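Before any comments, here is the structure.
The values are calculated or read from the model by the stated rules, or taken from the named source; none is laboratory data. Remember, predicted model here, so these are calculated numbers, not experimental data. Please note: Cβ atoms are built from the backbone with ideal geometry, for glycine as well, and neighbour counts cover all protein chains shown.
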Amino acid sequence: MSDTKLLVMMRGIPLWRNVPEEDLQEILKLMQHLELAMGERLRLEGEAGEALYTVAEGIVKLVEERKGWETALDIFTGGRCIEELSLFTSVFQGHSIVAVYPTKLLRLERAVFAQYLKSRPDTAWVVLENTAAIAARRNPVSQSFRQPLEIRLARYLVGLSQLQGVISPKGLVIDFPLQFSDIQWAVGAREGEMVAALRSLVAKDVLDLSEKLVVTNLEQLKALAGTWFYVIGHSFVQYLDISG
């Protein structure tokens, strides 16, 4: 993804709201670019957890491991940060990022950003205001991102629509080789729960599973996902225009 597209994406992230363009460009240069293959895991422990991760492209899930059990908390697609407060304090405990689609991440180290802000008090104040607004609405990570299965599934499908959606007369065909078990693994669901969740989306006229995986009502799916999505790709923008 080009720097121009990354800057557009960053402008939509609450943490960077009202930060001057010149400063955003400098902050972008401080970020490391990471790539995760599908199924690859990044444990947010030690130094790895002392940074802010932003999904530039792809889909990841945030999971929590406790007493030998793993719980999927939320799905993150392009343009979402994985806990903004991690840039300022330790918030992860037994958490990992798992790529459920080939993913590109931006990593901003806490120490590097702190050093940057020392010579930019005005920018530091803007970021502080944004952080305070975010913190006022936040609970611990395990509670903040413990989303119901239907929301995780909707976010996953919206992410796939962005990345692999192909326009067809029936709707948006997910042009990606998926088995039932792949979706179940991606969103962290049990088999019975997964069947019920998919049937629910079909009943709401959001999905058509008769032949291929087809999103028949993207706007309703986005509403079920309950979050803002950064639009990537000309074809997807074109589809949004057509659907009105």
Could you list, in sequence order, all residues of the stretch 157-192 that are surrounded by 19 or more Cβ atoms within 10 Å (Cβ to Cβ) and among the hydrophobic types (A, V, I, L, M, F, W, C)? L157, V158, L160, L163, L172, V173, I174, I183, A186, V187, A189
I'm trying to understand the selection: among the residues of the stretch 176-207, which are under 11 Å from E150 (Cα atoms) and of a type in the set (D, E)? E193
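Against the definition (basic (K, R), within 22 Å of Q147 (Cα to Cα) and over 15 Å from the mean Cα position of the chain (by Cα)), how does R11 come out, yes or no? Before you say what the answer is, go through the steps one by one.
Details: basic (K, R): yes; within 22 Å of Q147 (Cα to Cα): no; over 15 Å from the mean Cα position of the chain (by Cα): yes.
No.
Which is more than 18 Å from L163 (Cβ to Cβ) and either in contact with a strand residue (DSSP E or B) (Cβ under 9 Å, 6 or more places away or on another chain) or of a type in the set (F, W, Y) (or both), of L34, L52, L24, L7?
The unique qualifying residue is L52.
Can you name every one of the helices (runs of 4 or more DSSP H) wholly within the stretch 170-244 that holds 1 or more residues which are in the same structural domain as R155 (by the TED database) and modelled with pLDDT of 85 or more? First the steps, then the outcome.
Numbers: elements: 180-187, 191-203, 218-225, 234-243.
Per the criteria, 180-187, 191-203, 218-225.
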For the stretch 8-58 the number of residues that are under 27 Å from V126 (Cβ atoms) and in a loop (DSSP other than H, G, I, E, B) is 9
Among the numbered conditions (1) over 17 Å from R146 (Cα atoms); (2) over 16 Å from the mean Cα position of the chain (by Cα); (3) in a strand (DSSP E or B), tell me where A114 comes up short. (3)
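Pick from L117, L87, L128: which is in the same structural domain as L62 (by the TED database), free of Cβ contacts under 8 Å to residues at least 24 places away in the same chain and surrounded by 14 or more Cβ atoms within 10 Å (Cβ to Cβ)?
So the residue among L117, L87, L128 that is in the same structural domain as L62 (by the TED database), free of Cβ contacts under 8 Å to residues at least 24 places away in the same chain and surrounded by 14 or more Cβ atoms within 10 Å (Cβ to Cβ) is L117.
Here is a yes/no grid of residues against (1) touching a Gly at 6+ places or on another chain (Cβ under 6 Å); (2) in the same structural domain as Q164 (by the TED database); (3) surrounded by 14 or more Cβ atoms within 10 Å (Cβ to Cβ):
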residue	(1), (2), (3)
G39	no, no, no
L42	no, no, yes
E45	no, no, no
A48	no, no, yes
L52	no, no, yes
G58	no, no, yes
K67	no, no, no
A72	yes, no, yes
G78	no, no, yes
Residues in the stretch 117-141 that are outside any helix (DSSP H, G or I) and at pLDDT 80 or above: how many? 3
Could you check the stretch 167-204 and list, in sequence order, the residues that are touching a residue at least 60 places away in the same chain (Cβ under 8 Å) and touching a strand residue (DSSP E or B) at 6+ places or on another chain (Cβ under 7 Å)? L172, A186, V187, G188
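Going by the conditions given, is L105 within 25 Å of L7 (Cα to Cα) and touching a Cys at 6+ places or on another chain (Cβ under 9 Å)? So that I can check it myself, show each step before the final result.
Values: within 25 Å of L7 (Cα to Cα): yes; touching a Cys at 6+ places or on another chain (Cβ under 9 Å): no.
When the stated conditions are applied, L105 does not pass them.
Among the residues of the stretch 150-165, is any in the same structural domain as K61 (by the TED database), in contact (Cβ under 8 Å) with a residue 12 or more places away in the chain and not in a strand (DSSP E or B)? Quick ask: steps written out before the conclusion?
As a first pass, look at the stretch 150-165 and keep what is in the same structural domain as K61 (by the TED database): none.
Among the residues of the stretch 150-165, not one is in the same structural domain as K61 (by the TED database), in contact (Cβ under 8 Å) with a residue 12 or more places away in the chain and not in a strand (DSSP E or B), which makes the answer no.
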